[in-house]
Structure formats: structure tokens, C-alpha cells
Amino acid sequence: MKSKAALGTLLGSTFFLVFLSPAIPTLAQSVGDEGATKSQQPASTTETKPAVTADAGKVIQTKSFTLEGGEVWVETGISLEPGQRIAVTSEGSLRYADAKADNGPEGLTRGFKDLIRILPNNGVGRGAVIGRIGDADIAQTFVIGAKKEIVAPVSGKLALGINQAEVDMGTGSYTVKVEVYAADSSTPREVAKEVSRIPGVDNSLFEKIPRRIGDKDGNAGDMVNFLVVGDEDQMKKVFTTAGWVRVDAGVQETVLAGFIASMSKEW
């Protein structure tokens, strides 16, 4: 990414990253400049923090679930808040028709055929226990395997699943135990800040941003449809954690990256 600004496309969306000084450490949505002659002053913010009880760090909920080999996802009904920690343990086995042996919650070792399979999580083998927090359409899946502890980064309901396609399910089942811990007082509570104005983000900045991006040959690309403001290192960390990847600069780079990933069985 460039030191001042970078743009890219992912999942049909085009965005600009505007990297300001480290004095602005949070993401914010700009509502535009209310007047070019007005001085730009940071607006006051309101922080929303979930209550921290005397039971912080203690188990507040325990549930067990059975994941049958004939289904992909199971809704647990467990609602999580940011900062709550969950500990998940799994046991049991599955058997796939084309597999040479049973597999446990860690899933099968990835093979060449996994390159053409569409699994909920392509970073782990078929049959592994996985999870997600939040809406199915946007939530990032994470690997659970035989044992996993994770701190909820967002609020939402927990779902447990088996890393398999609906047309290629196994036989057998897993027993999964979930323990939910009260949020620890040392865990950062701030989820987001809403600000109405940011120094340096005004009409003059918007006028510099093209309505449509283009490639190095000048061909028109996607429309720019949202703006993200923040520190460069923090922005990289946010997108990487969410599973975003850097877009290849051209066709040759795309083909080369795909070939290397295929040979190394990363896909």
C-alpha cells in the first residue's frame, strides 16, 4: 500500500484507504464537510461498553451440542458480546465415502481434490469443526478443531459447524461443549466511535478521489463506494484479521499467485 492512500477491489467493492496521522487511531464514518470555511474540530464521542460484573472471567454458561455428519451448521442460541471468551472442546469422528479412514474434529489432511472443493473454511481440511459469530452472510468462519479458545471480536450469535459441502457430507457425529466466560475487565470494551467531523477530511479531500478507479493501462474499473480513514498499520491489521487479502496488480501476478498457491496446496 502507498504511504498516503491506497485503493483496491474485493468482492465487487472498491474502497479508498486514507491514512492520517497516528493521532486518529479509530475508524470513523465521515458525514461530509458542513462548510469549507468552518474550522475542523473533533466531535465529542460516546463510548458504549458492556457491563462488567463481579463474575468477570468466570464461566457463565455451559452447553453441549451434537453435530451430525449430515448437516453443515447448527445454531447454538448462544449470544456473545465483544470481549467475552469462549472455550470449545470437540470429540467424535466422521467418515467420508471417498476417505480411507475416519477423521476427528481436526478434519482430514488437505489433498489435491480440496483445491476444487468449496468449503465453509478453505484453510482447513474437510470434516473439521468450525464456528462463526454473527450473521451467516457476513461472519468470518474460524477453526475450532478438537479444542479452541477465542475472544468474541463482535456481538452476535454463535454457530457451530462441520467444514463440508452440502453435497459431500460424512457419516458420524461430533459432541461439542461450549463454555462462555464473563468479559474480563482488562479486555478493551470500545467497539467503535462515531464522529461527525475529522480534521483533514473535507470537501477538498473528496474532490481528489476519483469516482471510478482504473488499472495501469487506463481501463475503467469499479466505482469508489466507501472511504475508510485511519492509521496505515491499524488498517492493515483490521483487514488482515477480517480475512481480506491484497488484490494482485495485474493478470500475470494473479496467474502466478494462483499457480504458487495451488502447488503449495493453499487453496
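Note on segment 80-95: residues that are at pLDDT 95 or above and either over 18 Å from Val180 (Cβ atoms) or open to solvent by 10 Å² or more (accessible area, probe 1.4 Å) (or both) amount to 8. Take the conditions (1) at pLDDT 85 or above; (2) closer than 16 Å to Arg85 by Cβ; Ser186 misses just one of them, which is (1). Considered as a group, the residues in segment 157-175 that are open to solvent by 20 Å² or more (accessible area, probe 1.4 Å) and not aliphatic (A, V, I, L, M) include one that is nearest to Gly131 (Cα to Cα), and that residue is Lys157. Taking the criterion of being out of contact with any strand residue (DSSP E or B) (no Cβ under 8 Å at 6 or more places or on another chain) and of a type in the set (Gly, Ala, Ser), the only residue of segment 125-166 that qualifies is Ala165.
Among the residues of segment 119-156, those that are assigned to a strand (DSSP E or B), open to solvent by 40 Å² or more (accessible area, probe 1.4 Å) and not charged (D, E, K, R) comprise Val143, Val151. Scanning segment 96-116 for residues that are open to solvent by 50 Å² or more (accessible area, probe 1.4 Å), more than 20 Å from Thr175 (Cβ to Cβ) and among the charged types (D, E, K, R) gives Asp98, Lys100, Lys113.
Suppose the filter is of a type outside the set (Ser, Thr, Tyr) and within 20 Å of the chain's Cα centre (by Cα); does Val129 pass it? Outline the logic, then answer.
Numbers: of a type outside the set (Ser, Thr, Tyr): yes; within 20 Å of the chain's Cα centre (by Cα): yes.
So Val129 passes the test.
The values are calculated or read from the model by the stated rules, or taken from the named source; none is laboratory data. Fair warning: this is a prediction, and the values are worked out from it, not measured in the lab. All Cβ positions, glycine included, derive from the backbone under ideal geometry; neighbour counts span all protein chains shown. To get the accessible areas, we keep the full protein, side chains included, count just its heavy atoms, and leave off ligands, DNA and RNA. Shrake-Rupley method; radii C 1.70, N 1.55, O 1.52, S 1.80 Å.
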